[in-house]
Amino acid sequence: MRWSERPPAAHLGFASLVRFRSGPCSPSVAVAHLILVRSMTRSLLLVAAVVAITHVAAARGITSEELLGTWLMGATGADKIYGTFRSDHSYTILHGEHTWAHGRWKLSDDGKKLQMIIESNSSSRDVTIIRYFDGRLLHITVSNGVQGAWQKIRQMRNSKHGSAKT
């Protein structure tokens with residue numbers, strides 16, 4: 001016997017019995033990849049598809065009935081800009097207390113284009129592209145390419161027209 005070897009121990013008959021596991025063994029790396037990663041990829045694709053479908057469903061135009069009323073179109077300085085669209089297809093845009101523009105409006109059949117014809121110059125037509133209406137905000141692109149959102153209001157405040165509900 002060499003110095004590096006263990007001394008012989010008493011050999012017991014049952015010491016050679018090895019405990020066998022009867023439970024499932026852990027899956028290999030390839031199996032884990034197939035089960036976990038691919039199922040997560042499918043889940044992410046499903047979530048992305050639902051989000052895309054929801055966005056497309058929300059990306060609709062507006063109806064004439066939904067357009068009627070007064071909208072807060074923005075603010076410049078201390079003054080707010082309001083646009084009122086009426087059922088007789090006339091509109092008025094106020095900048096603060098002053099009329100900025102008025103005329104006639106026409107909405108495309110799909111509700112994606114709003115044409116505003118200025119009354120003082122019948123050849124001047126301002127086309128506003130309606131990107132989508134989410135039921136609360138009207139997301140638009142005006143003819144010069146500027147994007148914005150109009151918000152419908154119940155009535156105009158701080159205005160000589162404030163007492164008239166729309």
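The values are calculated or read from the model by the stated rules, or taken from the named source; none is laboratory data. Bear in mind that the values here come from a model prediction, so they are computed numbers and not experimental data. Here the Cβ positions follow ideal geometry from the backbone for every residue, glycine too, while neighbour counts run over all protein chains shown. Calculation scope for accessible area: heavy atoms of the full protein, side chains included, ligands and nucleic acids excluded. Shrake-Rupley method; radii C 1.70, N 1.55, O 1.52, S 1.80 Å.
Observations, loosely collected:
- Any hit, the stretch 79-89, residues being touching a Phe, Trp or Tyr at 6+ places or on another chain (Cβ under 6 Å) and surrounded by fewer than 17 Cβ atoms within 10 Å (Cβ to Cβ): yes
- Pairing residues of the stretch 77-100 that are assigned to a loop (DSSP other than H, G, I, E, B) with residues that are open to solvent by 20 Å² or more (accessible area, probe 1.4 Å), at Cβ distances under 6 Å and at least 6 apart in sequence or on separate chains, gives S87/L68; H89/R104; G96/D79.
- Sole residue being at pLDDT 85 or above, in a loop (DSSP other than H, G, I, E, B), within 20 Å of the chain's Cα centre (by Cα) and surrounded by 12 or more Cβ atoms within 10 Å (Cβ to Cβ), chosen from G111, G148: G111
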